[in-house]
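A quick write-up on the structure given underneath.
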Amino acid sequence: MKILVTGAAGFIGSALALRLLERGDAVVGIDNMNDYYDVRLKQARLDRTMGNPRFQFHKLDIVDREGMASLFHEKKFDAAMHLAAQAGVRYSITNPEAYVDANLVGFGNILEGCRRNGVKHLVFASSSSVYGANTRLPFSEHDNVDHPVSLYAATKKANELMAHSYAHLYKLPCTGLRFFTVYGPWGRPDMALFKFTKGIIEGTPIPVFNNGKMVRDFTYIDDIVEGVVRTIDHAAQPDPAWSGDKPDPARSYAPYRIYNIGNNQPVELMRYIEVLEKSLGKKARLDMLPMQDGDVPATFANVENLENDVGFRPRTSVEHGIARFVEWYKSYYGIA
């Protein structure tokens, strides 16, 4: 297949591109290479795929309507995996315009490109953040998610709704994946594991929000990629049993699906830090802080639908995942 991967220099995008190339797909990657975090890390990720003859890269912003239209028209993709977005809950509080542009305008350009050029399946990144004020755990795709607590979450919920409208109007198969706290080698510097590792190594205090009373469904990057690949191959189909009398948000009469991808083994934040300390052989200095605006105290994914439909359930333990991250971090930054 010829597959578009947006955000190809990103954490998940670069790992996915590698996996698709390894199995023989042709991959066209795009990324705007913005400076939200260290561009050198983005370039280093991208360099891993640039030598493969089945990989093409275009420096392109998904907000560029004409550029995106030309790309879709020229390449004629079989499938698209849309990962490019403005990420981060806290950043959305101070820079909302970036989220409106990338996550709403940009996603609209993706939808238009797919529907006008015969793309057979659009898979797109949603987020566990859409569960917002929901407190019933584990989080289920069948529950209503109409109470976001950050603009980032609201844009991801909007993506799900926009995709459904295209599935309905144009019969474009669309699948949304709600990722749960992805971590691992080549990760993002703005995320907790990266910050914690840097702080512990340098001996500086690490920020621990809600005084450590947080629980997260930490999901290792290899599990995320496996789930994505299987989903790409499993195009969304209409559900003939769907009823408007009791509408199920996870599926539809249209070719549309929503799945959680989480480790379904939530871990307390303090335990996560303990595992990291053990991997580094050094104790952390903790800066205990209150809950941040837009954050939630716990995430926990119900992944029964993913397992039933594509035959996969994430299983990597934090002990294994953190050890792999620390190994990569030390190698990448040249730390003995």
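The values are calculated or read from the model by the stated rules, or taken from the named source; none is laboratory data. This one's a predicted model, so the numbers in the text were calculated from it and none came from an experiment. Cβ atoms come from the backbone with ideal geometry, glycine included; neighbour counts cover every protein chain shown. Ligands, DNA and RNA are stripped out before the accessible areas are found, and what is left, the full protein with its side chains, is counted by its heavy atoms. Shrake-Rupley method; radii C 1.70, N 1.55, O 1.52, S 1.80 Å.
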Mean shadow area of segment 29-104, taken as a quarter of the surface of its Cα convex hull (nm²): 5.9 nm²
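Volume per residue, Å³, of the convex hull around the alpha-carbon atoms of segment 205-332?
Details: hull volume 18.0 nm³, N = 128.
It is 140 Å³ per residue.
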In nm, give the distance between the simple-model label positions of Asp78 and Gln265, each being 7 Å from the Cα along the Cα-to-Cβ direction. 3.4 nm
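For segment 86-233, what is the convex hull volume of its Cα atoms per residue in Å³? Walk me through the intermediate numbers first.
Values: hull volume 19.7 nm³, N = 148.
Dividing the Cα hull volume of segment 86-233 by its residue count gives 133 Å³.
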Rg/Rh for segment 207-274: what does it come to with C-alpha atoms and Rh from Kirkwood? 1.16
Between 0 and 90 degrees, rounded to the nearest ten: what's the tilt of helix 269-280 against the longest Cα principal axis of the chain? 70 degrees
With a point put 7 Å past each Cα toward its Cβ, work out how far Lys195 is from Asp35 in nm, to one decimal. 2.1 nm
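How much mean residue ellipticity at 222 nm does the chain get from its helices, if each DSSP H run of length 4 or more adds -39500 (n - 2.57) and you divide by all residues, to the nearest 500 deg cm²/dmol? Mind dumping the intermediate values first?
Details: 12 runs with 131 residues, N = 336.
Counting only the DSSP helices, I get -12000 deg cm²/dmol.
For segment 1-111, what relative contact order do you get, as a whole percent, if you take Cα pairs closer than 8 Å and at least 6 residues apart? Mind dumping the intermediate values first?
Details: 164 pairs, mean separation 35.7, N = 111.
Rounded, it is 32 percent for segment 1-111.
Pulled fully out, how much extra length does the chain show between Asn95 and Arg230, if you take 0.36 nm times their separation in residues and subtract their Cα-Cα distance? It would help to have the intermediate numbers written out before the result.
Values: separation 135, 0.36 × 135 = 48.60 nm, distance 3.43 nm.
Taking 0.36 nm per residue and subtracting the Cα distance, the gain is 45.2 nm.
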Per residue, in Å², the accessible surface of segment 60-169 once ligands and nucleic acids are set aside, probe 1.4 Å: 41 Å²
For the chain, calculate the relative contact order in percent as a whole number, restricting contacts to Cα pairs under 8 Å that are 6 or more residues apart. 18 percent
Where does the chain land on Rg(C-alpha)/(2.2 N^0.38 Å)? 0.96
Inter-part distance where segment 122-162 and segment 12-69 are each reduced to a Cα centre, Å: 26 Å
Give the carbon-plus-sulfur fraction of the accessible surface of the chain in %, rounded to a whole number; probe 1.4 Å, heavy atoms of protein chains only. 51 percent
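As a test of reading the structure, rank Asp245, Asp222, Asp31 by solvent-accessible area (1.4 Å probe, protein chains only), most first.
Details: Asp245 140, Asp222 85, Asp31 15 Å².
From most accessible down to least: Asp245, Asp222, Asp31.
Counting DSSP beta bridges in the chain, what percent are antiparallel, to the nearest 5?
On the way: 3 of 40 bridges.
Antiparallel bridges make up about 10 percent of those DSSP assigns within the chain.
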Taking the Cα atoms only, what angle lies between the long axis of helix 221-232 and the longest principal axis of the chain, rounded to 10 degrees? 10 degrees
